[in-house]
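Contents: one structure, followed by commentary.
Just so it is clear, none of the values below were taken in a lab; they were calculated from the coordinates. Remember, predicted model here, so these are calculated numbers, not experimental data. Here Cβ is always computed from backbone atoms with ideal geometry, including for glycine, and neighbour counts include all displayed protein chains.
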Amino acid sequence: MRSPRVRATLLLMLFTVMPGRPAAAASLKDELLRDWLDMKQTIVKIAEEMPEDKYGFKATPPERTYAEQVTHIAQGNLVNLAYLHPKTPPPTLTRGITSKTEAIKAMVASFDYGAAVINEQTDATLLDVVDAGRFLGQSTKARVIWFLLGHSWDIYGQMAVYLRLSGGVPPASQRP
């Protein structure tokens, strides 16, 4: 089995020789940043779609409330981005947020922080291997970011269910 750095190097090599794209135009950093900013926009839209009075909604008693889903993304971003040892200081996250405004504000701050952390990187440093804790272990910095993008999509799916159970429609499913 190849090491995480070898796998990441191979991915970067594939990235730079993709058909139809000039090799000089490909940048792992730029692609990750674009996906990160797209995810921010997507997740903010669904967070804004839930009415304020339903931010305490949860599908079943043991699950998170909608506000907790939104702030869970912020928490996940901050915890996992710390593994990249960024120079940019993280925003402060208040625990127990229940309001729509404060939950979205915290999530946006975590995505803005992530964009700053990604901007600190180069294609080469994104291939550096870090200890990313119990979920990811030894991983490249790029893999940590990919993990967070996947995590946000996972929570987006849960938020879509909450929204539908509350009588709403996710932004991606809305039709004029």
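Other residues whose C-beta falls under 15 angstrom from the C-beta of TYR55 contribute a net charge of -2, scoring Lys and Arg +1 and Asp and Glu -1. Here the calculated FRET efficiency for GLU52 and ARG175, from their Cβ-Cβ distance with R0 = 25 Å, stands at 0.55, rounded to the nearest 0.05. Where does helix 28-49 land angle-wise versus the long Cα axis of the chain, in degrees 0 to 90, nearest 10? Approximately 0 degrees, to the nearest ten. Legend: calculated FRET efficiency, PHE135 to SER27, from the Cβ-Cβ distance at R0 = 30 Å, rounded to 0.05, equals 0.65. Extending 7 Å from the Cα toward the beta-carbon at both THR92 and THR42 defines two label points whose distance is 3.3 nm. Compared with the direct C-alpha span, the chain from GLU120 to GLU63 gains 16.9 nm at full extension, assuming 0.36 nm per residue.
The alpha-carbon atoms of region 79-172, seen along their principal axes, cover 46, 24, 23 angstrom, with the largest extent given first. Of the trypsin sites (Lys or Arg not before Pro) found in region 50-136, the ones in coil according to DSSP and having at most 10 other Cβ atoms within 10 Å of their Cβ are LYS87, ARG95.
Principal-axis analysis of the Cα atoms of the chain puts helix 4-16 at an angle of about 90° to the longest axis. Summed over qualifying helices (DSSP H, 4 residues or more, each -39500 (n - 2.57)) and divided by its residue number, the chain shows a 222 nm mean residue ellipticity of -19000 deg cm²/dmol. Residue separation of VAL79 and LEU165 scaled by 0.36 nm, minus their Cα-Cα distance, works out to 28.0 nm of gained length.
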